[in-house]
Amino acid sequence: MGYDYEEFKKDVYRITNINLDLYKERQMKRRIESLIARKGFSGFEDFFKGMRQDEELLHTFVTYLTINVSQFYRNPAQWENFDKEVVPYLMKNFGKNLTIWSAACSTGDEPYTIAMILAEHMPFADFNVIATDIDEEVLKFAKEGIYSDKSLVDLPKVYLDKYFTKLDEHQYKVSDDIKKRINFKKHNLLEDAYFSNVDTIVCRNVVIYFTDEAKDKVYAQFRDSLKKDGLLFIGSTEQILKPRDIGFELLKTFFYKKI
Ligand SMILES: C[S@@+](CC[C@H](N)C(=O)[O-])C[C@H]1O[C@@H](n2cnc3c(N)ncnc32)[C@H](O)[C@@H]1O
């Protein structure tokens with residue numbers, strides 16, 4: 001047997017710690033094949049050799065593979081619920097020192113959105129956001145905190161005025177007060193140990209790429225990470241079918257409470 005996708009997956013795991021067996025196969029394989037063709041390689045083996053010789057190509061592969069589109073205030077109705085109902089719930093149940101985990105945070109739009117909303121309700125010192133992603137490139141970008149107006153179209157103007165400095169016609173920089181509340185870290189949801197005593201986990205638009213088994217395991221680990229009555233906030237195309245079976249109950253669409 002020649003070098004095929006199975007071999008490629010093993011080699012990718014060896015050098016990146018990304019286990020492609022835990023991602024939906026058809027979708028992932030198709031994506032990778034299209035990248036291989038676009039970069040002018042003849043197949044999986046040729047492409048893998050290319051990545052061994054060219055670190056830039058390896059970074060391109062990881063970033064492409066992990067699909068990191070994001071935006072500030074993505075799906076505004078849910079952030080309005082977060083602002084009006086969820087934050088008051090968290091303050092009532094957990095008081096000060098809130099810890100929110102933005103898991104698979106991509107370029108930082110999501111954890112910065114969380115911090116800006118929380119800052120409208122409480123002093124900066126009363127909350128921390130842990131922001132994690134598997135991809136070091138997006139984390140580097142996130143730490144810079146510079147965004148184009150395209151990422152900011154959905155963000156209400158009050159936040160833009162209060163927490164950004166305009167650098168030029170299209171570029172904005174996040175304020176240091178907000179930046180300081182966020183702790184960016186590399187973390188692989190399919191491999192690494194999870195945080196504990198978290199009040200809320202925001203994990204949106206990543207488990208859709210995982211197999212059902214991998215997704216179930218991630219949700220079980222989220223449950224263990226959360227304090228009792230803590231919340232899990234999921235993406236607008238996602239749903240937990242039988243939340244009680246895994247220790248959650250629906251609080252509001254897209255928000256689940258640990259029971
Ligand atoms: C589509 S983005 C979602 C960003 C943000 N949560 C949002 O909804 O706007 C998906 C992110 O998941 C990350 N990702 C993919 N697999 C991951 C894994 N196993 N562990 C942690 N992050 C992962 C990618 O690097 C990417 O940044």
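Taken together, the values in this text are just the output of simple stated rules run on the coordinates, not laboratory data. Values in this document were obtained by computation on a predicted structure and should not be read as measured data. We place every Cβ from the backbone using ideal geometry, glycine too, and count neighbours over all the protein chains shown.
Exposure proxy shown here: for 180, 157, the number of other Cβ atoms within 10 Å sets the order, fewest to most, as 157, 180. Counting only DSSP beta bridges whose two residues both lie in the chain, roughly 40 percent are antiparallel.
Bridging of residue 173 to lysines at a Cα separation below 28 Å is possible for 84, 96, 140, 143, 150, 157, 162, 185, 186, once same-chain residues fewer than 8 apart are set aside. For residue 230, the amide hydrogen comes within under 5 Å of the amide hydrogens of 258, counting only partners 5 or more places away or on other chains and with H modelled in the peptide plane. To the nearest 10 degrees, how steeply does helix 25-38 sit against the main Cα axis of the chain, on a 0 to 90 scale? Approximately 70 degrees, to the nearest 10. Considering only the other residues whose Cβ falls under 10 Å of the Cβ of residue 206, what net charge follows from Lys and Arg at +1 and Asp and Glu at -1? Its environment carries a net charge of 0.
Run the dipole for the chain about the Cα centre, Lys and Arg Cβ at +1, Asp and Glu Cβ at -1, nothing else charged, and hand back the magnitude in debye, nearest 20. My answer is approximately 600 debye.
Which ordering of 122, 51, 116 is given by a fewest-first count of other beta-carbon atoms within 10 Å? Please report the intermediate quantities before stating the final value.
Details: 122 16, 51 21, 116 26.
Neighbour counts put them in this order, fewest first: 122, 51, 116.
Legend: ranking of residues 164, 195 from fewest to most surrounding C-beta atoms inside 10 Å; resulting order 195, 164. The long axis of helix 212-225 is offset from the longest Cα principal axis of the chain by roughly 40 degrees. Using only Cα coordinates, the Kirkwood hydrodynamic radius of the chain works out to 19.4 Å. Translational diffusion coefficient of segment 5-65 (Stokes-Einstein, Kirkwood radius from Cα pairs, 37 °C, 0.692 mPa s): 285 µm²/s. Angle of helix 55-65 to the longest C-alpha principal axis of the chain, folded into 0 to 90 degrees and rounded to 10: 60°.
For the chain, what is the mean residue ellipticity at 222 nm derived from helices alone (per DSSP H run of n ≥ 4: -39500 (n - 2.57); sum divided by total residues; nearest 500 deg cm²/dmol)?
Numbers: 11 runs with 106 residues, N = 259.
Mean residue ellipticity, 222 nm, calculated: -12000 deg cm²/dmol.
Under a Cβ-only charge scheme (Lys and Arg +1, Asp and Glu -1), can you give me the dipole magnitude of segment 5-65 about the Cα centre, in debye to the nearest 20? Don't skip to the end; give the middle numbers.
Values: 12 positive and 11 negative charges, 53 e Å.
With Lys and Arg at +1 and Asp and Glu at -1, about 260 debye.
Relative contact order for segment 5-65: 28 percent, from Cα pairs under 8 Å spaced at least 6 residues apart, divided by residue count. For the pair segment 1-53 and segment 148-182, the centres of their Cα atoms are 37 angstrom apart.
With the alpha-carbon atoms of segment 168-259 aligned to their principal axes, the span from lowest to highest coordinate is 50, 30, 26 Å, starting with the largest. Highest GNM mean-square fluctuation, the chain, Cα pairs closer than 10 Å: which of 56, 169, 191? Among 56, 169, 191, the largest GNM mean-square fluctuation belongs to 169. Comparing 174, 40, 221 along the charge dipole axis of the chain, the residue lying farthest to the positive side is 221, per the Cβ-charge model.
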